[in-house]
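Bear in mind these aren't lab numbers, they're just calculated from the coordinates by the rules spelled out. Keep in mind that what you see is a predicted model, and the values were worked out from it rather than measured. Note: ideal-geometry Cβ built from the backbone for every residue, glycine included; neighbour counts use all protein chains shown.
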Amino acid sequence: MSLFIRLFGRPHWPTVLLTYVLALSGGFAAKAAHLPLPMLLGSLVATGAATIGGLRPLGHLPQAPQKIRMMFIPVIGVAIGGSARPEILEQAGEWLPSLAALCLFIPVAHYMGFRLYAAQGVDRLTAFYGAAPGGLVETVQMGEDAGADIQMLAMLQFLRLIVTIVFIPLAFTWLEGHAVGSASGARVTGGELGVREVAVLLACGVFGALAGLRLRLPAGHVIGPIVLSGGAHMAGLTHAVPPGWLVSATQVVIGTSLGVRFAGMPKARILTALRMALVNSACVIGLATGFAFAVAPLADEPVRAVFLAFAPGGLVEMGLIALSLKLSILYVTAHHLLRIVLAVSFARWFGHRLR
């Protein structure tokens, strides 16, 4: 019992249960509306709105123990690593100019966002971690550990993600004249889950998280599983990915844990964060467009594919758009895997210097 208390504290468990029910309802509502990443966005919006609105159905604001989130986060790492395929290594040589350009794009986009947020009065730590062009879960965790304003940081990162994964599919739908991405019904599936596959994925999650934390990798509980899962998939040890229900449950847990952080956040700050995030997202998307036109001839890929590879958020959704448009999903996925690792690593290394 004492171990349980040390792990989860003493929350009001009926309120915790009701919070997750509310979050799950938000996720299903977003799914019914055919929104991208519905379980994450829906749960975050539902719990965030209830928290900001001061809803207290059982005499308590919505609650979600953060340790529960930490237990689920490795699932995201395993799922991201599951996007890697052996063919990526075979084609990586052809993508070297594009991958090298991405190594330049990430720090430029991050610095541009940092300067924009800092100029608007956001403190330097929050501006720095809030401007990271990737790794919502990881950068929020690092920013919290560094002492950043967790409410503003979570809002800036959440809005970056939602603007990207909502605006870009809508823009491509308008350009192509038909639905693309998850709204078109496109799906990426893995191999069949047997006992061996479950054991491999479980080992990648558990040992990857432990190794990542032990080695002090940036956001090690996510990067560790990404590395082990990616290695296992590229080595051909497994072609399976975590089941959809587990990924959805993880998204609900993460969305809920972020949503409850908005307790006491004034509505004026939310509007300020929205305005700044819209401007920053527009700048980064514009930067990605410029890189796409410059890099496409060097990478021998269509401009649309390069843009999707550089877009600042949504590995799954950008991959599904590529699948809808019959572009190379391997190309897009490889770049987003590198984007996440670069964004988190850059935030970790330079965050220490900033502090």
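Things worth noting here:
- Neighbour counts of C-beta atoms inside 10 Å place Y129, Y20, Y117 in the sequence Y20, Y117, Y129, starting with the fewest.
- Assuming charge only on the beta carbon of Lys and Arg (+1) and of Asp and Glu (-1), the dipole of the stretch 7-146 about its Cα centre is about 560 debye to the nearest 20.
- On the beta carbon distance between F167 and L17, with R0 = 30 Å, the FRET formula returns roughly 0.30.
- Rule-of-thumb Rg ratio for the stretch 208-287 [Cα; 2.2 N^0.38 Å; N residues]: 1.55
- Taking every DSSP helix (H) stretch of at least 4 residues in the chain, weighting each as -39,500 (n - 2.57) and dividing the sum by the residue count yields a mean residue ellipticity at 222 nm of -24500 deg cm²/dmol.
- Length added when fully stretched, R115-T272, from 0.36 nm per residue minus Cα-Cα: 54.9 nm
- Counting every C-alpha pair in the stretch 4-146, the share spaced more than 22 angstrom apart comes to 60%.
- Viscosity 1.306 mPa s, 10 °C: Kirkwood-radius Stokes-Einstein D of the stretch 202-353 over Cα pairs, µm²/s: 89 µm²/s
- Of T139, L323, L35, farthest towards positive along the dipole that unit charges on Lys, Arg, Asp, Glu beta carbons give the chain: T139
- Whole-percent pair-distance distribution, where bins are 5 Å wide, for the alpha carbons of the stretch 18-70: 5, 22, 26, 24, 15, 7, 1
- Listed from fewest to most Cβ neighbours within 10 Å, the set T47, T164 follows the order T164, T47.
- Pairs of Cα atoms in the chain fall into 20 Å distance bins, from 0 up to the last occupied one, in shares of 30, 62, 8, 0 percent.
- Taking other C-beta atoms within 10 Å as the exposure proxy, D300, D123 rank D300, D123 from fewest upward.
- Under the membrane-span-like helix rule (DSSP H runs whose alpha carbons stretch at least 24 Å along the helix axis, mean Kyte-Doolittle hydropathy 1.6 or higher), the chain yields 150-176.
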